[in-house]
Structure formats: structure tokens, C-alpha cells
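Below is one structure, written out as C-alpha cells; comments come after it.
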Amino acid sequence: MNTLRYELVFSDGAGSARDVVTVERTLSKGPGGHPVYSDPTGIIRAEISDRGEVRVLASGGHQEIAQGVMARPLPDADADADADADADAADADPEGAPGSRP
């Protein structure tokens, strides 16, 4: 499965959620050979393995690397839009509607 978007959940030491950031897949690979995901600003960058393991990558100097970050896969927006368009087209097609005549 090629996940294009994730939510990265940054939490404090107690495990309570502190911040959630949406990241999208880039064309880059991380040090472990897995895809790199980035937020729109490019400040948050993380390598995410196919098992959901997260390695936050430094994007600039003097950056403290976060530990204990969780990745939650998000549905692909394009796939959702395609499914919605297919459903709309099926609703608009009078030929398979019950009681219609050819």
C-alpha cells in the first residue's frame, strides 16, 4: 500500500497528544530507504516505513528532533474524489434506475 498522506502525532512524555501535523509524500527517500513525507512548509519532514515507523528528519540547523512520533495514514484525497464522482455519475444515470424503460 502506498500511502500518500499521514497525520504525524507529536506527544509529550506522558503520551497525551500535543500537536498533529498532516504530511504528504515527497519524491525523496530517507536514510533507511523509505519515503520522506513533508508538511506544506517543508519544516516537518519524516521518513515513514511501510510498517508505520517514523523517523523525524532535521530540516534546518538547531532543530531538536522529536521522539515518540506516531503516524496515522490518511485516505488518499484523489481516491476519495474519484469514488465520489463515480457515485454521483451512478446517481445521475437514469438507465439503471428501477422502473425506467430503455
Original post:
What tally of residues in region 19-31 results from selecting those that are exposed (fewer than 12 other Cβ atoms within 10 Å of the Cβ) and either free of Cβ contacts under 8 Å to residues at least 24 places away in the same chain or among the aliphatic types (A, V, I, L, M) (or both)?
Top reply: 2
**OP:** Would you confirm whether any residue within region 39-50 is over 17 Å from residue 7 (Cβ atoms) and open to solvent by less than 70 Å² (accessible area, probe 1.4 Å)?
**Re:** yes
Original post:
Are any residues in region 1-32 of a type outside the set (A, V, I, L, M, F, W, C), outside any loop (DSSP other than H, G, I, E, B) and at pLDDT 95 or above, and if so, which ones?
Top reply: 5, 6, 7, 22, 24, 25, 26, 28, 29
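The values are calculated or read from the model by the stated rules, or taken from the named source; none is laboratory data. In this text the structure is predicted, and so the values were computed from the model without any measurement. Methodologically, a virtual Cβ is constructed for each residue, glycine included, from the backbone with ideal geometry; neighbour enumeration extends over all protein chains shown. Quick note on the areas: whole protein, heavy atoms, side chains included, nothing else; ligands and nucleic acids left out. Shrake-Rupley method; radii C 1.70, N 1.55, O 1.52, S 1.80 Å.
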